[in-house]
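Single-structure report; data block below.
The values are calculated or read from the model by the stated rules, or taken from the named source; none is laboratory data. Treat the numbers as computed from the prediction; the structure is a model and nothing was measured. Positions of Cβ are backbone-derived with ideal geometry, glycine not excepted, and every protein chain shown enters the neighbour counts. What goes into the accessible areas is simple: the full protein's heavy atoms, side chains included, and nothing from ligands, DNA or RNA. Shrake-Rupley method; radii C 1.70, N 1.55, O 1.52, S 1.80 Å.
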Amino acid sequence: MTELAPEAKILILNGGILAVAYLGIYPSLEQKTLNRIMTIDVILSAIAVGVAGALFWGSGIRFNMLLFQSNWAVFSILTLMIMEIPLFLRFAEKHDIDLTGGDS
């Protein structure tokens, strides 16, 4: 059986974390506010980067970002952001979340 490419491992990890967030955690919040989602998102992002670091720290593997090569940390953070932005915007619109940060 062929081993997954390093990029695929991080993309699957990010996708799994985002699936848990947007299909489980965020919909179950009693009050869906920008501040609450951002707080949880920081924790989930730290978990994603931590797991990627556990897999690739010190490996020297370069990750293909299509236009440039990066290390595991940059790849993990950028791909997580790119994957999350459309999910967050759709979730915020569906749940009328104030994106100005005026909620508590």
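The angle between the Cα long axis of helix 34-56 and the longest principal axis of the Cα atoms of the chain comes to about 10 degrees, rounded to the nearest 10. With respect to the chain, whose longest principal axis is taken over its alpha-carbon atoms, helix 6-20 is tilted by about 20°. Give the residues of the stretch 58-81 whose amide nitrogen is closer than 12 Å to a point set 7 Å from the Cα of residue 22 in the direction of its Cβ. Label zone hits: 80-81.
Using the Kirkwood formula over every pair of different C-alpha atoms, what hydrodynamic radius in Å results for the stretch 27-67?
On the way: mean 1/r = 0.0789 Å⁻¹.
Computed over the stretch 27-67, the radius equals 12.7 Å.
A Gaussian network model of the chain, with springs between Cα atoms under 10 Å, assigns the largest mean-square fluctuation among 82, 17, 37 to 82.
Hey, if we sort 49, 42 by accessible area with the 1.4 Å probe, largest down, what's the order?
Values: 49 40, 42 100 Å².
Order by accessible area, largest first: 42, 49.
Taking only the Cα atoms of the chain, the ratio Rg/Rh comes out at 1.03, with Rh defined as the Kirkwood radius. In the complete set of protein chains, residue-level accessible area for residue 47 is approximately 80 Å², probe 1.4 angstrom. Surface analysis of the chain yields an accessible area of 64 Å² per residue, using protein heavy atoms and a 1.4 Å probe.
Full extension of the chain segment joining residue 57 with residue 39 gains 3.9 nm, where the gain is 0.36 nm per residue of separation less the Cα-Cα distance.
Shown for the chain: the carbon plus sulfur share of the solvent-accessible area, taken with all protein chains present and a 1.4 angstrom probe, equals 66%.
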